[in-house]
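The values are calculated or read from the model by the stated rules, or taken from the named source; none is laboratory data. Predicted model, so just to flag it, every value in this text is computed and none were measured. Cβ placement follows ideal geometry from the backbone for every residue including glycine, while neighbour counts extend to all protein chains displayed. Each accessible area value is taken on the protein alone, full model and side chains, heavy atoms only, with ligands, DNA and RNA left out. Shrake-Rupley method; radii C 1.70, N 1.55, O 1.52, S 1.80 Å.
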Amino acid sequence: MEEALRALLLAGLPGMTGERVNWGSHPQDMTTSAPASYIVLHLVGLNRGRTQQGSDGIDTSRVQIDAYAPGFITARDLGTGIRHHLDFHRGGGFEAIFFDTARLTREGGSNPGDGLYRASLDFIIHWRTSHVG
């Protein structure tokens, strides 16, 4: 699911973040002089689907997607683009992706003017575990 979600984001947001979409870490090429927009994904929760007979083959995950940008409007618009691209998506192993909640904040830094803006979105993702590719 992790690789498929990253690929889905990269395909749906061309040019907005380049290749700067990573699980759990900020991009290595960040510079403080000219910060670029980027996305960080976090797996917040994972539930394995099961029945009395065993696994039903569908995982349900909560994924937090943080979109960072140097300006409030850019972060907000990037978050809106992510929401529109992923909400109600189905296909490629994804049984369903549903938008859940969003927050708009500003990250602190040693200098108050250096902080990046962040759109933080939570999604509930139903993924077929038998999907290959």
For this session: Output yes when any residue across region 94-103 is touching a His at 6+ places or on another chain (Cβ under 8 Å), of a type in the set (A, V, I, L, M) and open to solvent by less than 60 Å² (accessible area, probe 1.4 Å), and no when none is.
Result: yes
For this session: Answer with yes or no whether Arg50 is open to solvent by 80 Å² or more (accessible area, probe 1.4 Å) and closer than 20 Å to Met1 by Cβ.
Result: yes
Problem set entry | Qualifying residue in region 35-50 (condition: under 14 Å from His126 (Cβ atoms), among the small types (Gly, Ala, Ser), modelled with pLDDT under 90 and touching a strand residue (DSSP E or B) at 6+ places or on another chain (Cβ under 8 Å)) | yes
For this session: Take the residues in region 57-73 that are more than 11 Å from the chain's Cα centre (by Cα) and open to solvent by 70 Å² or more (accessible area, probe 1.4 Å), then tell me which one is nearest to Pro14 (Cα to Cα).
Result: Ile73
Exercise. Going by the structure shown, is Arg83 closer than 20 Å to Met1 by Cα and modelled with pLDDT of 95 or more?
Worked result: yes
Exercise. What about Gly12, is it open to solvent by less than 70 Å² (accessible area, probe 1.4 Å) and out of contact with any helix residue (DSSP H, G or I) (no Cβ under 8 Å at 6 or more places or on another chain)?
Worked result: no
Exercise. Mind checking which pairs have a first residue in region 1-27 that is more than 12 Å from Ile82 (Cα to Cα) and a second that is in a strand (DSSP E or B) and of a type in the set (Gly, Ala, Ser), Cβ under 7 Å, 6 or more apart or different chains?
Worked result: Met1/Ser61
For this session: Confirm whether Phe88 is within 16 Å of Asp122 (Cβ to Cβ), within 11 Å of the chain's Cα centre (by Cα) and open to solvent by 10 Å² or more (accessible area, probe 1.4 Å).
Result: no
